[in-house]
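Notes for the one structure printed next.
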Amino acid sequence: MRGTALHVVTIGSDRAMRRPGVVGHRTRFGARRLLLRDSLRIMHPIDIFVALASSLNVGELVELGDAIVTRFGGHASLAALREAVMDRRGARGIRRAREALALISTGSRSPGETRLRLLLQRSGCSDYLPNFRIQSRDGFVACVDIAFPQARVAIEYEGDVHRTDPRTFRKDITRGERLRDAGWWLIRATAYDLHRGRGEFLARVRRALSAAAPPIPIVEAST
């Protein structure tokens, strides 16, 4: 998602709001559900998804959809999101919303994790399990963002907090050692790996999978 600006949706024919720190949107479709938070009326997450389909690209919509279905659970399930999108024929950006629906997944814990999953999918690599709990004979080892169980390869996305927070940094080192002791190959991914360094990153994934199991085809993601 882009920045930390407040998104305000104007319903009807009035112009979208324009002011510093605010991203204005206009839609002819009204919000069907409203929530009250800190004396403010806000749109239901499902209506927000439909409204922002006109201004976000597919990848950003998947990030938003992942967050909605993961954090709001029964109040905003993937089935409910799909129903709302299919019910808004003719809305701006609705084709992008439908394309994003096919890529949305529950359980994503961060936008970076979603981007990692999308990169692997677009590169032809889909034989993985997200948020996989790894067990050994001694018990629980770790829950990793992406796992290739047959190849015993795990991928973890690491944002800046993994570098700047001492407690998180120590936990990462311990997790890596435990995975190695359990016979797993850990690949760490950063924001650079998912963008400018994606070619080298995908090559690392390819080498790890090839070294542990029959090769899984991975091609460079298209721009």
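The values are calculated or read from the model by the stated rules, or taken from the named source; none is laboratory data. This one's a predicted model, so the numbers in the text were calculated from it and none came from an experiment. Here the Cβ is made from the backbone with ideal geometry for all residues, glycine too, and neighbour counts use every protein chain on show. Protein only, heavy atoms only, side chains kept; ligands, DNA and RNA dropped before computing areas. Shrake-Rupley method; radii C 1.70, N 1.55, O 1.52, S 1.80 Å.
Here are the numbers for this structure:
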{"quantity": "Any chance Arg18 is in contact with a Gly (Cβ under 7 Å, 6 or more places away or on another chain), modelled with pLDDT of 80 or more and open to solvent by 100 Å² or more (accessible area, probe 1.4 Å)", "calculated": "yes"}
{"quantity": "Looking only at region 25-49, and only at residues there that are more than 14 Å from Arg92 (Cβ to Cβ) and in contact with a strand residue (DSSP E or B) (Cβ under 7 Å, 6 or more places away or on another chain), the one that is modelled with the highest pLDDT", "calculated": "His44"}
{"quantity": "Subset of region 82-95 (residues that are open to solvent by 20 Å² or more (accessible area, probe 1.4 Å) and charged (D, E, K, R))", "calculated": "Arg82, Glu83, Asp87, Arg89, Arg92, Arg95"}
{"quantity": "Residues within region 96-112 that are surrounded by 17 or more Cβ atoms within 10 Å (Cβ to Cβ) and of a type in the set (D, E, K, R), tallied", "calculated": "1"}
{"quantity": "Pair list, Cβ under 7 Å, 6 or more apart: region 1-21 residue over 13 Å from Leu52 (Cβ atoms) and in a strand (DSSP E or B), other residue open to solvent by 90 Å² or more (accessible area, probe 1.4 Å) and modelled with pLDDT of 70 or more", "calculated": "none"}
{"quantity": "Filtered residue count, region 183-202, keeping only those that are over 18 Å from the mean Cα position of the chain (by Cα), crowded, with 17+ Cβ neighbours inside 10 Å and in a loop (DSSP other than H, G, I, E, B)", "calculated": "1"}
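Yes/no per residue for (1) of a type in the set (Asp, Glu); (2) crowded, with 22+ Cβ neighbours inside 10 Å; (3) farther than 19 Å from Val23 by Cβ:
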position	(1), (2), (3)
His44	no, no, no
Ser54	no, no, no
Asp66	yes, yes, yes
Ala80	no, no, yes
